[in-house]
Amino acid sequence: MKQTAWAPSNIALVKYWGKRDAELRLPLNASLSMTTDEAFTITTVEFSPEYLRDTVEIDTCTSGVVPMEETAAERVLEHVGRIRKRAGSTLFARIRTKNSFPMGVGAASSASGFAALTVAACAALGLELSQKEMTILARLGSGSACRSIPDGFVLWEAGEHSEDSFAYSIYPHTYWSLCDVLVFVDERKKSVSTTDGMGKAMTSPFMDLRLKEIPRTIECVRKALEIKDIVLLGECVEREMFSMHAVMMTQNPPVLYWSDATLRVFRAIWEARSRGMKAYCTVDAGANVHVICGEEDAKKVAAICSGVDGVVKIVVCRPAPGAHTVSTHLF
Ligand code: PMV
């Protein structure tokens, strides 16, 4: 009853911001993403009659294995409870998880974290679900996690109800070696959680406008992917990111996730673009920048960003397969 899963994080090319139903994590809009191979989570889950309570540990790499911080652990256990109930089990679980990147800094650790947890816990309990059902279940843990279950380039349909708000692959990870140069400018935990920030999305006067624009944006990104046009894709993705952050900044209360270094990375990329480089910025709910570019420019982008004041780490990611079980356990 012990299983381990690997799950990639994902970078939203068209972002999800705002929920129709907070409990069911039903989004106000469809979103489209790319999984990221070097930003991932590995999670081992074991259910056993020998365990007298649930435990959640995190392998931090720097300070060894420690209990997960209380609020994060509560959310994990709520999700495990959901899966346990569905499998009709009453056994307690031991959970250990490890990220290849920092948690809670807007690098989508909840996406890879809840995707890995869902796949590992279902496997450990022998709960056999279709991929569609697995994405719906992962979505209940964290919205963006549903996009880390399928392979490569993934569309999450907003849907009307829980059963039709699911994610599926539109192209496998081998389709296009697009790079996401993940530029960390801040490894500290963000001050406003995604859940809290997103809860106020509708207070922005720009939200209605954003929602009207989304179908066109999805269309544009799908077209750019279909014809593998990095310029069309990048322009669309960068504009879309500013649309989401404009909403965040005009919510009540406003949220500004960027730091000074975020802006310095934008400017460095724009300056390189004026010299012909095809690289484009996107940012989730945090300060770190994802620079989207072709394979041919990834090294140059990384070199440019490493020279920007405030940049602490750079990880080059490419599209990845979806979440799956692996045979090496963390305990
Ligand atoms: O599902 P969450 O709580 O990880 O929300 C993700 C929100 C953004 O990262 C800002 C956008 C997105 O679609 O990934």
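Here are a few things to note about the model shown:
- Any pair with Cβ under 6 angstrom, 6 or more apart, that starts in region 134-148 at a residue that is in contact (Cβ under 8 Å) with a residue 24 or more places away in the chain and under 13 Å from ARG75 (Cα atoms) and ends at one that is within 7 Å of the ligand (Cβ to nearest atom) and among the hydrophobic types (A, V, I, L, M, F, W, C): ALA138/ALA145
- In summary, LEU182 fulfils each of the numbered conditions (1) out of contact with any helix residue (DSSP H, G or I) (no Cβ under 9 Å at 6 or more places or on another chain); (2) part of a helix (DSSP H, G or I); (3) not basic (Lys, Arg) with the single exception of condition (2).
- Of the listed requirements (1) crowded, with 18+ Cβ neighbours inside 10 Å; (2) more than 14 Å from the ligand (Cβ to nearest atom), TYR51 misses just one: (1).
- Region 311-323 residues that are among the basic types (Lys, Arg), paired with ones that are in a loop (DSSP other than H, G, I, E, B) and surrounded by fewer than 18 Cβ atoms within 10 Å (Cβ to Cβ) (beta carbon under 9 Å, 6 or more apart): LYS313/GLU187; ARG318/SER177
- Candidates ASP180, ASP186, ASP164, ASP208, filtered to the one that is closer than 22 Å to PRO27 by Cβ, surrounded by 13 or more Cβ atoms within 10 Å (Cβ to Cβ) and of a type in the set (D, E, K, R): ASP180
- Residues that are surrounded by fewer than 24 Cβ atoms within 10 Å (Cβ to Cβ) and either part of a strand (DSSP E or B) or away from the ligand (no atom under 12 Å from the Cβ) (or both), drawn from region 6-26: TRP6, LYS19, ARG20, ASP21, GLU23, LEU24, LEU26
- No other residue among VAL301, VAL231 is of a type outside the set (Phe, Trp, Tyr), in contact (Cβ under 8 Å) with a residue 24 or more places away in the chain and surrounded by 19 or more Cβ atoms within 10 Å (Cβ to Cβ) apart from VAL301.
- Within region 54-74, the presence of at least one residue that is more than 16 Å from the chain's Cα centre (by Cα), surrounded by fewer than 24 Cβ atoms within 10 Å (Cβ to Cβ), within 15 Å of the ligand (Cβ to nearest atom) and of a type in the set (Val, Ile, Thr) is confirmed.
Here, each number is a calculation from the coordinates, and none is a lab measurement. Nothing here was measured: the structure is a model prediction, and the numbers come from that model. Because the Cβ atoms are built from the backbone with ideal geometry, glycine has one as well, and the counts that use them run over all protein chains shown.
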